Amino acid sequence: MAVKFDLNEREVWDGNYAASQALRQADVDVVVAYPITPSTPIVENYGSYVANGYIDGEFVMVESEHAAMSGCIGASASGGRVSTATSSQGFALMAEVLYQASGMRLPIVLNVVNRALASPLNVRGDHADMYLGRDSGWLQAGAFNAQEAYDLALCAFKIAEDPAVRLPMMIHQDGFITSHTAQNVYPLTDEAAINFVGKIQPIDDMLDFSRPVTYGAQTEEDWHFEHKAKQHKAIMDSKPVIDAVFAEFKELTGREYNRVESYDMEDADVVIMGLGTTVETARVAAKNMREKGIKAGVVAMRCFRPFPYEEVREALKNCKAIAVTDRSSPGGAMGAFFNEVTAAMYTSNNRPMMTNFIYGLGGRDFSIAEAERIYSEQVDNIEAGHITTNIQQFSGLRGPKLGFFKTERS
Amino acid sequence: MAITSIKNLKEFSTNNDRFEGAHTLCPGCAHSMIVRELMNCTDDNLVISANTGCLEVSTAVYPYTSWDTSWIHIGFENAATAVTASQVMHQVRKRKGTLKDNDAPVKFVAFGGDGSTFDIGFQWLSGAMERGHDFTYICLDNENYANTGGQRSSATPIGATTSTAQAGTHSYGKKEKKKDIVSIMAAHGAPYVAQLAPNKWKSMAKGFQKALETEGPCFINTVSACCTEWRFDPKDTIHITDLATDTLMFPVYEILDGHELNILYRPKNVMPVEEYLSAQGRYKHLFKPENKHVIELIQSDIDKYWNMLQRREEARV
């Protein structure tokens, strides 16, 4: 039995500490990990809970992130609850095994503290690592502050382990801005948390020798496609489970989560779409714009995978100009988030003007003033009746303006 | 029913068949002999992992599996990590009482080829050995990347021709000597490390049993003759392995606690290495006059190594 951990009704936690408390309360059996800034404290804290008897589990420090996820796979296939954390280069090193975890349908929860990918080396937050995982077959949800990092980590176990889902899940938070900023967090009691998350039900358990299982078989052109199609379907079909878990969480805590979060969207003409901490900046800017008589709103992605196409279309159905922000170097294309949103809106009855802003790479600050400027540009586009700038622009970059690709409409 | 007192090969080889006959390994491949020996060594439950390689691609092609026990393959490099993490989960679940059968003994075994063991999975293996998990790692050493058409690995001996270290008019094949994996594993301080050969099946079975019974990380390198890439007739697998052990190209020995060395097979008549080399196509070019020095070098290295093993055994240090 674990030693009781005293919690106050209100704690002051940063995002990393909040996530580690969720791991403790979810009674995670095994954490296999390798340290990397800025996610290190999540696994360090789990290790300290083990070292001091606050949890009955095992903390395995391995020699690389690739080994960390490999170990998570071996442990998860052995029927218990498994979690770890990483960032950036560590995430990139894990990439091979992320696909294997999802292909084996193992409900591992990975806390990703988003950080830029080198080169140049950079420890600050952007979403390059999150984007690298977008085709890996994991569910991906984003927290915008420490409270959400805690709440969503608890929800993640319940979603991932649901027999109808059985997929690994990443919970993202922004490096340093969320992970290292102490904020008020209202934790559940240990009892309420574990009652909510529940006990893991082993499926295809390697430690059940009455029913031997083979993990990681080979399939060539005869069966590989069917396996991947089935996996994709499971991801797409996870939406109602995610909604149900969020609804149950709201019932318990009063805190509401949606796969798409809308702010001031009832009558919005111009919209900023964002991920992570950018959302809170955009919300302040939207309020300022409304004081100037501009109907500005914000739509935020809680759930990046499965991508909520219908909900995005619904949220944006009456908007005229939409700025989609991508905090990742697009590498010779439009931003990935822009592409998803545009795919959703191209099939809508309302075909709004879509622009793409690349911003905040390597932790570059995204200011309220810049968000206001983006709103104003959307207003200009509406007045002109077409996109007046390049479709893709770099926001907050030093030197001359950088932008690409123009609309054909006039 | 596992063999506890080993009497004869037939009884031994037909026991406890948790490795099913149906697989697609080459006829004459020694891998299956070694795997069956391991699985016949114990009645305990087994969690087995495999690196990508011949064994893996030949035994778990969906919708079939040769494994009548828990088995996992992730990638080319991480079988040691997979099985040791399973072992950690076993500890936790046993403590918490959440296992289906909480009292049944379980052994954890990882298999890798020499490519995954000596090269691409070396870091994962070293990490698992350093952490001291209770598991056994068995390398099926056929001295090349046989699964992908016979490329050189760092286990390929000097002078062998491979698709990426070819013998030709200007080359005698691989230029570099084989990595001494056994010494490297012993240097990790592992409680049991050995090099074993399937022709010496009794010592192999005893070595496997010792590794499974020893608490902590154990490593065994096994010679696995590869008729396809070594280029010999599939019926000659054990004959070639006899030549390997009798020329001392593959000495059979164990190292306890990182230092105490015991020779497990001492040939009555040590044969010259030409007998081993000339029986395989991969060394054919060494018998050209201009490559004579390579054979001499191989023989001299064998002699030096055997001398070192004997002196270490005598010294009991």
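For the reader, a short list of remarks on this structure follows.
- Förster-model FRET efficiency, 30 Å R0, A:Arg290 and A:Tyr346, C-beta, rounded to 0.05: 0.60
- Derived scalar couplings ³J(HN,Hα) [the stretch A:30-42; Karplus, 6.51 cos²θ - 1.76 cosθ + 1.60; whole Hz; x for Gly, Pro]: 9, 10, 10, 8, 9, x, 7, 5, x, 8, 3, x, 4
- Computed over chain A with a Gaussian network model linking Cα atoms closer than 10 Å, the most mobile of A:Arg166, A:Arg283, A:Arg211 is A:Arg211.
- In sequence order, calculated HN-Hα J values of the stretch A:72-84 (Karplus, 6.51, -1.76, 1.60; Hz; x Gly/Pro): 4, 5, x, 6, 5, 5, 9, x, x, 8, 9, 8, 7
- Taken residue by residue and averaged, Cβ atoms of other chains lying within 10 Å of the Cβ of A:217-226 number 4.
- Exposure proxy ranking for B:Arg311, B:Arg93, A:Arg290, based on other Cβ atoms within 10 angstrom of each Cβ and starting from the fewest, stands as B:Arg311, A:Arg290, B:Arg93.
- A compact globular protein would have a Cα radius of gyration near 2.2 N^0.38 Å; the ratio found for the stretch A:11-253 is 0.95.
- Using a Gaussian network model of chain A in which every pair of alpha carbons under 10 angstrom is joined by a spring, one finds that among A:Ala118, A:Ala160, A:Ala315 the greatest mean-square fluctuation is at A:Ala118.
- Bins of 5 Å, starting at 0 and running to the largest distance - Cα pair percent for the stretch A:271-410: 2, 10, 21, 25, 23, 14, 4, 1
- Taking the number of Cβ atoms within 10 Å of each Cβ as an exposure proxy, the fewest-first ranking of B:Trp71, A:Trp223, B:Trp306 is A:Trp223, B:Trp306, B:Trp71.
- Structure note, pairs A:Lys4/A:Lys158; B:Lys206/B:Lys268; A:Lys233/A:Lys406; A:Lys199/B:Lys206; B:Lys178/B:Lys288: Cα-Cα distances above 31 angstrom occur for A:Lys233/A:Lys406; A:Lys199/B:Lys206.
- Cα centroid separation - the stretch B:76-119 against the stretch A:334-384, whole Å: 49
- Euclidean distance between Cα centres, the stretch B:237-280 to the stretch B:129-166, Å: 18
- Computed over the stretch B:178-317, the P(r) tail beyond 26 angstrom holds 26 percent of alpha carbon pairs.
- Rounded to the nearest 20 debye, the dipole size of chain A about its Cα centre is 1020 debye, using +1 on the Cβ of Lys and Arg and -1 on the Cβ of Asp and Glu.
- Look at the dipole of the protein assembly as shown built from charges on Cβ: of B:Leu25, B:Tyr305, A:His224, the Cα furthest out on the positive end belongs to B:Tyr305.
- Taking all C-alpha pairs of chain A, those more than 38 Å from each other amount to 20 percent.
- Simple Cβ-charge dipole of the protein assembly as shown, Lys/Arg +1 and Asp/Glu -1, about Cα centre, in debye nearest 20: 1000
- Here is how the number arises for chain A: DSSP H runs of 4 or more residues each give -39500 (n - 2.57), the sum is divided by the residue count, and the result at 222 nm is -12000 deg cm²/dmol.
- As computed over the stretch A:199-251, the Cα convex hull volume per residue (Å³): 102
- Applying D = kT/(6 pi eta Rh) to chain B, where Rh is the Kirkwood radius over alpha-carbon pairs, T corresponds to 37 °C and eta to 0.692 mPa s, the Stokes-Einstein value obtained is 165 µm²/s.
- In this structure the amide hydrogen of B:Leu46, modeled in the peptide plane, comes within under 5 Å of the amide hydrogens of B:Ser70, B:Lys107, none closer than 5 places in sequence on its chain.
- Dividing the helix sum by the residues of chain B, where each DSSP H run of 4 or more adds -39500 (n - 2.57), gives a mean residue ellipticity at 222 nm of -10000 deg cm²/dmol.
- Residue of A:Leu397, A:Leu275, A:Leu98 that the Gaussian network model of chain A assigns the largest fluctuation, springs spanning Cα pairs under 10 Å: A:Leu397
- Cα lying deepest toward the dipole's positive end in the stretch B:23-315, options B:Leu212, B:Gly113, B:His239, charges on Cβ: B:Gly113
- Cα→Cβ-extended label distance, 7 Å offset, between B:Asp180 and A:Lys401, nm: 6.9
- Stokes-Einstein diffusion coefficient of the stretch B:110-179, Kirkwood radius over Cα pairs, 20 °C, 1.002 mPa s, in µm²/s: 167
- Under the Karplus curve 6.51 cos²θ - 1.76 cosθ + 1.60, θ = phi - 60°, whole-Hz ³J(HN,Hα) for the stretch A:347-359, x wherever Gly or Pro sits: 9, 8, 5, 8, 9, x, 7, 10, 10, 10, 10, 8, 8
- In plain terms, the residue of A:Met69, A:Met1 with the fewest other Cβ atoms within 10 Å comes first and the most crowded comes last, giving A:Met1, A:Met69.
- Cα centroid of the stretch A:132-146 to Cα centroid of the stretch A:156-189, whole Å: 10
- Where N is the number of residues in the protein assembly as shown, Cα Rg divided by 2.2 N^0.38 Å: 1.10
Rule-based calculations on the coordinates, nothing more; no lab input. This structure is a prediction, so every number in the text was calculated from the model and none was measured. Don't worry about glycine lacking a Cβ; one is built from the backbone with ideal geometry, like all the others, and counts go over all protein chains shown.
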